[in-house]
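Here the structure is laid out as structure tokens; the discussion comes afterwards.
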Amino acid sequence: MGRDAVLDEIDRRIKRLQAEIDIAEERLRYLEEVGSPSRYNVIRRDDYSLYYLVLMGIWILLGFLSLIAVGHRLPYSFNLPVLPYLLVTLVVIVLSVAYYWLGRRAEPKTPMDELEERERLARLVLSRFYKPLREAVEKDDREAMEALAEELLNDSLLAGAVERMGEGDPKVMAYSLYLYTRFRPELEGEVREALSSLGNGPMRALLSGLIEG
């Protein structure tokens, strides 16, 4: 495959991601205009559980202090197990708060959240990978390709976005870029092996051009 074929593959991926961004923007705009989250979204109501837990802890502590104060005023001996009581109270509060926060973290994302996240990831892959890649291929800039490979390996945000958007394995894609920039005839076997596990269209077109040529 020649350079034009590689650019065509990149353009197809760019158009697909741009279409996803446009669709997400349109749906988000529609949801905001309609103002009807009941159909498309999950209404997140304010959760006051944490405040109740804190108030309960304060109430228990105040009750315990009141018992101590009353005990000192009684004419007979009135001993309270201070340490065990405090430990039990502390354990109950800590476990309750931990359960609350774990429940908050496990809260499912709403359709609105999913749309916003897909839009953000698509923009990230588009601006930080495919557009720079297209420019590098067009100019045959091997240094820029190696810089992109470094980003795929070292930038977890970009690598995660590439993977989440179904663009392929970022490590295999980075390895393919390195193979392309440092290709020698004796590396043909490695190129063919990389092609067998490479799922990204533009990267396949890029490597295929080496061995076809």
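For SER208, indicate whether it is surrounded by fewer than 13 Cβ atoms within 10 Å (Cβ to Cβ), of a type in the set (S, T, N, Q) and not in a loop (DSSP other than H, G, I, E, B).
So SER208 does not fit the description; no.
Considered as a group, the residues in the range 19-35 that are open to solvent by 70 Å² or more (accessible area, probe 1.4 Å) and not β-branched (Val, Ile, Thr) include one that is nearest to ARG128 (Cα to Cα), and that residue is ASP22.
Being part of a helix (DSSP H, G or I) and exposed (fewer than 12 other Cβ atoms within 10 Å of the Cβ) is the filter; apply it to the range 95-125 and report the residue that is modelled with the lowest pLDDT. Full working, then the answer.
Residues of the range 95-125 that are part of a helix (DSSP H, G or I), as a first pass: 95-105, 111-125.
After this cut, where a residue has to be exposed (fewer than 12 other Cβ atoms within 10 Å of the Cβ) as well, the list is 95, 98, 101-105.
Values: LEU95: 71, ALA98: 73, TRP101: 70, LEU102: 70, GLY103: 64, ARG104: 60, ARG105: 57.
Looking at residues that are part of a helix (DSSP H, G or I) and exposed (fewer than 12 other Cβ atoms within 10 Å of the Cβ), I get ARG105.
The values are calculated or read from the model by the stated rules, or taken from the named source; none is laboratory data. In this text the structure is predicted, and so the values were computed from the model without any measurement. Neighbour counts are summed over all protein chains in view; Cβ atoms, including those assigned to glycine, are modelled from backbone coordinates with ideal geometry. Accessible surface is based on the protein model in full, side chains and every heavy atom, while ligands, DNA and RNA are left aside. Shrake-Rupley method; radii C 1.70, N 1.55, O 1.52, S 1.80 Å.
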